[in-house]
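S.K.: Got a structure for you, written out below as structure tokens; questions coming shortly.
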């Protein structure tokens, strides 16, 4: 390691420059990393190691005490490196930078979005507990809640995103009769309908439950569709923000990873469970995601502008009956207020209904030439899929229909290609109906 005294005055965790507060997109270039600790390398090296050596046995003892919560950290004490299942330099820098977007205390990186979701849920749910969740949500999350958690004695109650009447209070009262309500889980915008959930209302209802029962449900939000650039759930009183980093954050459809962000207090159990379950992200994936963070705002801004233009084109197309795009919400829509108060953009993933059914939807998808027929979202390339038979295949058909996921609905994740080319592709694909 190089010891360059001329650089010792620099603070690589500074969030301000004098009286000026630095923006996250600037911080992505260097926050949390001192090049002089890695031979002056401008970018963090990939620390592909399973274990780390201790300078002394006493250091090893103290590192483990802190890692396993046997004592509180001393003033300015940072956790020492032990083993890459517990901590790793690449993941620590990545987590520091992810936390900046939410103005959070800390973050934890995981092997996938589902690893993040499941670890967070296992951290706070116990046999006999109840989870209240919004619908629709990603099909994998729905399967976990509906089919796997009951095997461990955990019940669930659903409330619907969007709609003219708030259904969360009713769901919470129903859940309270079943057991301890431990978690309120929501995904907003909802996948794939783009219906919205009022996050501040979720936080307020959790406080109401605490006043009534003495136990406050942890409010967890899957923020993959709009975050971390366009929506910040912690600002609205939520406890844990969860991401599939695979999507917009990594952004190139070549990494699978997830993350959870929150306060030190709330994230403590999550980080502890991650260590024991072994659901952490690997160093190489963490390094790739750090690189992607540098262009995150640029990519999400370009994709959102493309999506706006495409949504306007589809809205006027004679073979499209409805476009589920947040930018089209009318002032009398119950989601309009939520959108204006909670989100900074309509994002770049939305769904639309073609006139017809499965046959017509498949005809459009099968005739795409530039847009790829694939699941996932948030990459540089545009993708389309059929939620009814693909991402939400395991959701009962009657539930899908009730939630507005019909056989004629297709989902598009708009990328950063030339928007005229994407419209030309959609035009020729829609002509196949």
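What follows is calculated from the coordinates using simple rules that are stated; it is not laboratory data. None of these values were measured; they are calculated from a predicted model. Counting neighbours? That spans all protein chains shown, and the Cβs are built from the backbone with ideal geometry, glycine included.
S.K.: What order, most packed first, do the peptides 173-184, 366-377 have when packing is the mean number of other Cβ atoms within 10 Å of each residue?
M.R.: Working: 173-184: 18.7, 366-377: 16.5.
Averaged packing, sorted descending, gives the order 173-184, 366-377.
S.K.: For region 334-403 and region 66-95, compute the distance between their C-alpha centroids and round to whole Å.
M.R.: The distance from the Cα centre of region 334-403 to that of region 66-95 comes to 40 Å.
S.K.: Using only the alpha-carbon atoms, how far is helix 57-67 inclined from the longest principal axis of the chain? Give it as 0 to 90 degrees, nearest 10.
M.R.: Between helix and principal axis, roughly 30 degrees.
S.K.: If only Cα atoms are counted, what is the Rg of region 101-293, and what is its Dmax, in Å?
M.R.: 15.7, 48
S.K.: Sticking with this structure for a sec: What distance in nm separates the two pseudo spin-label positions at residue 200 and residue 43, each 7 Å out from Cα along the beta-carbon direction?
M.R.: With each label point 7 Å from Cα toward Cβ, the separation is 4.1 nm.
S.K.: Please report how far the C-alpha centroid of region 100-136 lies from that of region 21-44, rounded to the nearest whole angstrom.
M.R.: 28 Å
S.K.: With an 8 Å Cα cut-off and a minimum separation of 6 or more residues, compute the relative contact order for the chain in percent. Please list the in-between numbers first.
M.R.: Values: 820 pairs, mean separation 68.7, N = 433.
Reported as a whole number, the value is 16 percent.
S.K.: Another question, then. Does the chain come out rounded, prolate or oblate, given a ≥ b ≥ c as the square roots of the eigenvalues of its C-alpha gyration tensor, rounded meaning a/c under 1.5 and, failing that, prolate meaning a/b above b/c?
M.R.: Since a/c reaches 1.5 but b/c is at least a/b, the shape of the chain is classed as oblate.
S.K.: A follow-up question, please. Suppose a student asked you for the relative contact order of region 101-293, using Cα pairs under 8 Å spaced at least 6 residues apart; what percent would you report?
M.R.: Worked out over region 101-293, it gives 30 percent.
S.K.: Using all Cα-Cα distances in region 263-363, what percent lands in each 10 angstrom bin from 0 up to the longest?
M.R.: Spelled out bin by bin, region 263-363 gives 12, 24, 26, 24, 13, 1 percent.
S.K.: Quick check: the angle from helix 89-102's long axis to the longest principal axis of the chain, C-alpha only, nearest 10 degrees?
M.R.: The answer is roughly 50 degrees.
S.K.: Give me the angle, in degrees from 0 to 90, between the Cα long axis of helix 113-124 and the longest principal axis of the Cα atoms of the chain, rounded to the nearest 10.
M.R.: Here the helix axis deviates by roughly 70 degrees.
S.K.: Assuming a ≥ b ≥ c are the square roots of the Cα gyration tensor eigenvalues, decide whether region 229-290 counts as rounded (a/c under 1.5), prolate (otherwise, with a/b larger than b/c) or oblate.
M.R.: Verdict is oblate for region 229-290.
S.K.: Let me ask something else about it. Once fully extended, how much extra length lies between residue 337 and residue 367, figured as 0.36 nm per residue of separation less the alpha-carbon to alpha-carbon distance?
M.R.: Difference between extended and current length: 7.0 nm.
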